[in-house]
Amino acid sequence: MNDFASPQECREADGVPVIEARQLVKRYVGGDGSVLDILNGVDLTVATGEAIAIVGQSGAGKSTLLHLLGGLDRPSSGSVSIAGQRIDSLSDEQLAAARNRRIGFVFQFHHLLREFTAQENVMMPQLIAGVSRAAARERARELLSQVGLERRLEHKPSQLSGGEQQRVAVARALANQPLAVLADEPSGNLDPHTSERLHDLLFEVSALHRSALVLVTHNRDLAARADRVLRVHEAHLVPADASLEAAERRPDE
């Protein structure tokens, strides 16, 4: 897949995974020379429209894996491909362009630009990708309507509730019709009722836009909604196991 293939062309490429990771390793070297493998030999393939939940203990490497899959970080070794294009060997500029065009991110903290309105926040990734201001404005309006914020277009983040800010973040993640949405504890700061509504929204809009969904979560109910549940355990990615799940449950859950 060349650098300029559109998300729609990528979706229509038969047999090409949305994301493919092979033998990913991420290690850190301490000041004393000690080596810590956060991830070691991780393989993962994500298909178009597939929903995958990644679980595991705090500090196991779940967020690190998500950052590698989305090109926010580079592996120590191994490869990551998006729609058949290796991204781990791209220049920083090429990587930023590929990430902006093909991957949408939703984090625990929404990271909205506080000086801009909801509509302007959703426009921003499109403007960076070279979309005209008029087209970006119209798509932002459409996406914000899909997440129930058609009456909040001109509100700034400080004028929105936590749940509304996360819905803006979901709309922003979908702005460039990404092949995949990567969500890292997306409801971690929300109350249970608002969290459930956000979970429904994530699955609904991902299905509507045919985007794969990769979730890092401690929420067992959210993980159970995914097509597959995988666990980061001792630097490896393995199928979730019920006995490990029981052993790793936090006391407040």
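Of the candidates G71, G33, G56, which one comes out as most mobile in a Gaussian network treatment of the chain with C-alpha springs shorter than 10 Å? Ranking G71, G33, G56 by mean-square fluctuation puts G33 first.
The dipole here belongs to the chain: it is taken about the Cα centre, uses +1 on the Cβ of Lys and Arg and -1 on the Cβ of Asp and Glu, and is about 540 debye. For the chain, the spread of Cα positions along the three principal axes, ordered from largest to smallest, is 51, 46, 40 Å. Our compactness index for the range 72-150, the C-alpha radius of gyration over the empirical 2.2 N^0.38 Å, is 1.29.
If you take every DSSP beta bridge fully contained in the chain, what fraction is antiparallel? Give it as a percent rounded to 5. Looking only at bridges with both residues in the chain, the antiparallel portion is about 55 percent.
The range 82-150 and the range 18-43 have their alpha-carbon centroids 28 Å apart.
Taking +1 at the Cβ of each Lys and Arg and -1 at the Cβ of each Asp and Glu, which of H67, V35, I128 sits farthest along the dipole of the chain towards its positive end, judged by Cα position relative to the Cα centre? After comparing all options, I get I128.
Among D241, D32, D43, the largest mean-square fluctuation in a Gaussian network model of the chain, built with springs joining Cα atoms closer than 10 Å, belongs to D32.
Every read-out reported here was derived from the displayed coordinates using simple, explicitly stated rules and does not represent laboratory data. Every value quoted in this text rests on a predicted model; they were computed, and no experiment measured them. We place every Cβ from the backbone using ideal geometry, glycine too, and count neighbours over all the protein chains shown.
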